[in-house]
1. With no solvent and one point per C-alpha, what does the Debye sum give as log10 I(q)/I(0) for region 1-49 at q = 0.13 Å⁻¹?
2. Hey, what does the equivalent ellipsoid look like for region 79-172, semi-axes from the Cα gyration tensor as sqrt of 5 times each eigenvalue, largest first, whole Å?
3. Between Trp48 and Arg152, what's the calculated FRET efficiency when r is the beta-carbon distance and R0 is 25 Å? Round to 0.05.
4. With no solvent and one point per C-alpha, what does the Debye sum give as log10 I(q)/I(0) for region 42-130 at q = 0.17 Å⁻¹?
5. Projecting each Cα onto the charge dipole of region 2-167 (Lys/Arg +1, Asp/Glu -1 at the beta carbon, about the Cα centre), which of Thr25, Ser93, Phe118 comes out farthest on the positive side?
6. In nm, to one decimal, how far is the modelled label at Glu8 from the one at Tyr62, with both set 7 Å along Cα→Cβ?
7. GNM on the chain, C-alpha springs below 10 Å: top fluctuator among Leu23, Leu123, Leu88?
8. What are the semi-axes of the equivalent ellipsoid for region 122-172, taken as the square roots of 5 times the Cα gyration tensor eigenvalues, largest first, in whole Å?
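All of the numbers you see were taken from the coordinates with simple rules; none came from a lab. Please read these numbers as outputs of a predicted model, since none were measured by experiment. As a convention, Cβ positions derive from the backbone with ideal geometry for all residues, glycine included, and neighbour counts pool all protein chains shown.
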Amino acid sequence: MSDIIIDELITHPISIWAKQWLLLTCGDLQRKDYNAMTVAWGSLGNIWNMPFAQVVVRHSRYTYKFMEKYNSFTLCTFPEKYRQALNLLGTKSGRDGDKIAESGLTPIASKTIAAPGFAEAELIIECKKIYWDDMQPVHFLDEEILRHYQKRDYHRIYFGKVLSIVGKKRSD
C-alpha cells in the first residue's frame, strides 16, 4: 500500500458506492472495540474547504453505537474476490458474534486514527468526524426516497474529514 495524496485520488464516484461497496469501520483497534458494516450509500468530495467522506447509518444498526462513541472511521474498498465477505458484513450484525473474524478479513492499524483498516483492502480512507445530522422526511423533495424508509428508520448522516488515503495501484 502506498500513500495517495488526497487531492490526487482518482475514483469512480458513483460505482465505488453502488457497485463496488465500501466497508465502514468505526471504533478503536487497540481496545478491540470496533465494528464494520458494508455501505453502498455515501459520497466523497469537498466541503468547508476540506476533503470529506459522507456516510449514512441507521440508528438501529450496531455500527451506530460505534459511530456515536468514537470520533473517526475508515472506508475501505476491496477487490471483487472479497465480495462474499462484504456481503456477510453488510447482512450480519456484530451484536450476534464476531462477524469480522467470520468474514476472513484482517483488521490492521490505521496511520492516523484509532479505527482499523483491513489488510486485504485496495483503498483505505481514514476520516475524522466533523459533522452529523439526522435525516428529516419533511425535507425529502423526491417521494421516491420514502420507499427506502417503510419502517421510518431514517439514517444519521456523518461527514468525516479525510485525513489519509492509502491504496494499491490498479491494473486497469
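1. With no solvent term, the Cα-only Debye profile gives -0.45.
2. Working: eigenvalues 164, 74, 45 Å².
Calculated on Cα positions only, the semi-axes equal 29, 19, 15 Å.
3. 0.25
4. Reported log10 I(q)/I(0), two decimals: -0.81.
5. Result: Ser93, furthest along the dipole toward the positive end.
6. A separation of 3.9 nm, rounded to one decimal place.
7. Comparing Leu23, Leu123, Leu88 in a Gaussian network model of the chain, the most mobile one is Leu88.
8. Whole-Å semi-axes of the equivalent ellipsoid: 32, 16, 9.
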